Amino acid sequence: MGLSVVYILIIVASLVTYEGFRREQWREGLLFNPYAIAQGQKSIGIVSHFWFHADWQHLIFNMLSLFMLGEVLETLWIQDFGYEKGSTLFIALYLFGGVAATILPYFRHRNNPSYRSLGASGAVSAVVFAAIMWYPKMKLGILFFPIPIPAYLFGPVYLAIEYYAMRRGKTNIANDGHISGALFGILFVLILEPSKLSLFLSNF
């Protein structure tokens, strides 16, 4: 078995983030900028923004979440599909999840010339929710609620908090990107294994 895809993603994101700290002007041109994209410019930001982070705290939080949930999901997929297919599916989930995380923010901010976003939170949300759909009975914790709860409860609670925060606004967090990524993660699993929906709902 080769090196874990999760580890590779963490290493690449950390190196690119570090380089972004050193070359801020270069990083600025690679952020997600819905207004510029609507004008036919900087479309590269759709696929480049989730390799950068605003600071070390931002990077560590995202990579820790990716490590904890991503390793679980990658292991399960390798067990179910074999190393090559399982790893390929995980890479596709992460990369396309990062792209999908721009959908809702694009439509909400395409007329806002001052909006920029960066970070792997949307891609990580795709991984987290794919893991929840694949293994809904695992126990997860949530910020301000440290008692672990089943994943099938964690998911709806997390989405409700993100939706409330998005509607309330007044933060520098791309809650809409988190929601877009999460929904993509759910869709990815349902396309891959439609029976996971009934298995997930059977927990209620």
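Report yes if some residue within the range 17-35 is closer than 20 Å to N175 by Cβ, in a helix (DSSP H, G or I), modelled with pLDDT of 95 or more and out of contact with any strand residue (DSSP E or B) (no Cβ under 8 Å at 6 or more places or on another chain); otherwise report no. Talk me through it step by step, then tell me what you get.
First, pick out the residues of the range 17-35 that are closer than 20 Å to N175 by Cβ: 31-35.
Those still in the list that are in a helix (DSSP H, G or I) too: 34-35.
From what's left, modelled with pLDDT of 95 or more: 34-35.
Among the residues that remain, those that are also out of contact with any strand residue (DSSP E or B) (no Cβ under 8 Å at 6 or more places or on another chain) are: 34-35.
Scanning the range 17-35 turns up at least one residue that is closer than 20 Å to N175 by Cβ, in a helix (DSSP H, G or I), modelled with pLDDT of 95 or more and out of contact with any strand residue (DSSP E or B) (no Cβ under 8 Å at 6 or more places or on another chain).
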| message | Between a residue in the range 147-168 that is closer than 17 Å to K137 by Cα and aliphatic (A, V, I, L, M) and any residue that is surrounded by 13 or more Cβ atoms within 10 Å (Cβ to Cβ) and modelled with pLDDT under 90, which pairs come within a Cβ distance under 6 Å, given they are 6 or more apart or on different chains? | response | A151/L140
| task | Being surrounded by fewer than 24 Cβ atoms within 10 Å (Cβ to Cβ), assigned to a loop (DSSP other than H, G, I, E, B) and either of a type outside the set (S, T, Y) or touching a residue at least 40 places away in the same chain (Cβ under 8 Å) (or both) is the filter here, so list the residues in the range 170-196 that pass it. | result | K170, N172, I173, E193, P194
| query | Considering the range 1-52 alone, what residues qualify as being among the polar types (S, T, N, Q) and over 16 Å from P105 (Cα atoms)? | reply | S4, S14, T17, Q25, Q41
| Qualifying positions in the range 46-57 - surrounded by fewer than 21 Cβ atoms within 10 Å (Cβ to Cβ) and either among the acidic types (D, E) or under 13 Å from the mean Cα position of the chain (by Cα) (or both) | V47, D55
| said: So in the range 142-157, with the set limited to residues that are surrounded by 14 or more Cβ atoms within 10 Å (Cβ to Cβ) and modelled with pLDDT of 90 or more, which one is farthest from L73 (Cα to Cα)? | reply: L153
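The values are calculated or read from the model by the stated rules, or taken from the named source; none is laboratory data. Treat the numbers as computed from the prediction; the structure is a model and nothing was measured. Using ideal geometry, Cβ is built from the backbone for each residue, glycine included, and neighbour counts are taken over all protein chains shown.
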